[in-house]
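Here's a structure for you.
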Amino acid sequence: MKKGIIQQSLSGFYDVIAAGKIYRTRGRGNFRKKGIKPIVGDRVEFEDGYLLKVLPRRNSLVRPPVANVDAAVVVTAATQPVFSANLLDRQLIALERQKIQPLIFFSKTDLLTKEEYRQIAAIAAGYREIGYPVFCAPQPFEDDQLTALQGQLQGQIVTMMGQTGAGKSTLLNHLAPDLHLATGEISRALKRGRHTTRKVSLLSVNDALIADTPGFSSYENFDMTVEELPKLFPEMVRLAPQCKFRGCLHIKEPHCAVKAALENGIIMNSRYDDYLQFHELIANQKPNYKK
């Protein structure tokens, strides 16, 4: 019996990478009866062309459908489409909840004026201060930046995330030019990107397994509680022990270290504004009794 990682899923077949080789397999018939649906990134046991067992997942994403992800490169357009801190923060809290390391890569910085780049660089510095690895060079695909990014990804299962049209496939083409992935232009009429990636697969890129996946234009999955939400903001996690009240939600409570840090310019206004919006969204959600 062999162990490996599902590298690609297509039409009922699963390509499994094990010891540097790829094996084509099919799932056992009882998988469907047991409600087991293997996805890319699953660690599996297989033999004679059949998956025998899907090992427990450390985490899994719905969009893109990838399991056991170590890190995610959040490709964030500086322009075209316009930069959205709200969308970036939605993606970051989703990754924090799955305990996936986010890396923020600002694309299309070469299309900015000097003043526009200065503004984006200041935003990037704010996220870097939180503790996120941030890549925001004036020329997004310069060698030094790509080398630094590759160094952060080695030996990991990685997913590329970001708004449609942000440049995920373009970034992958620079990391591994032999991939020749299709890239699309932004639709001027709709101001939305066209999906250029048709399937999910793990691509071997410089000692990392990277999923090239369809982009999405919104992230609306807020299935955490209001108590869980502040734990998904690293800057709030660090400050919370200094709050007067245990379990402080950093909104109306007195002697709140987070609000004090906000007033003193220690944490980003945009992050706190997004936190308040997300809190309200969660608080106003109707219970889902189908869970």
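Where in segment 1-92 are there strands (runs of 3 or more DSSP E), lying fully within it, with 2 or more residues that are without any contact (Cβ under 8 Å) to a residue 60 or more places away in the chain and out of contact with any Ser or Thr (no Cβ under 9 Å at 6 or more places or on another chain)? Before you say what the answer is, go through the steps one by one.
Numbers: elements: 2-10, 13-18, 21-27, 43-47, 50-54, 71-77.
It comes to 2-10, 21-27, 43-47, 50-54.
Return the residue satisfying two criteria in turn: it lies in segment 93-121 and is hydrophobic (A, V, I, L, M, F, W, C) and assigned to a strand (DSSP E or B), and of such residues it is surrounded by the fewest Cβ atoms within 10 Å (Cβ to Cβ).
Of segment 93-121, the ones hydrophobic (A, V, I, L, M, F, W, C) are 93-95, 100, 103-106, 111-112, 120-121.
Add one more test, that the residue is assigned to a strand (DSSP E or B), and what stays is 103-106.
Details: L103: 19, I104: 23, F105: 25, F106: 28.
Looking at residues that are hydrophobic (A, V, I, L, M, F, W, C) and assigned to a strand (DSSP E or B), I get L103.
Determine if segment 269-281 includes at least one residue that is at pLDDT below 95 and either on the phi > 0 side of the Ramachandran plot or surrounded by fewer than 19 Cβ atoms within 10 Å (Cβ to Cβ) (or both). Before you say what the answer is, go through the steps one by one.
Step one: filter segment 269-281 for residues at pLDDT below 95, giving 281.
Keeping just the survivors that are either on the phi > 0 side of the Ramachandran plot or surrounded by fewer than 19 Cβ atoms within 10 Å (Cβ to Cβ) (or both) gives 281.
Yes: segment 269-281 contains one or more residues that are at pLDDT below 95 and either on the phi > 0 side of the Ramachandran plot or surrounded by fewer than 19 Cβ atoms within 10 Å (Cβ to Cβ) (or both).
The values are calculated or read from the model by the stated rules, or taken from the named source; none is laboratory data. Since we're looking at a predicted model, the values are computed, not measured. As a convention, Cβ positions derive from the backbone with ideal geometry for all residues, glycine included, and neighbour counts pool all protein chains shown.
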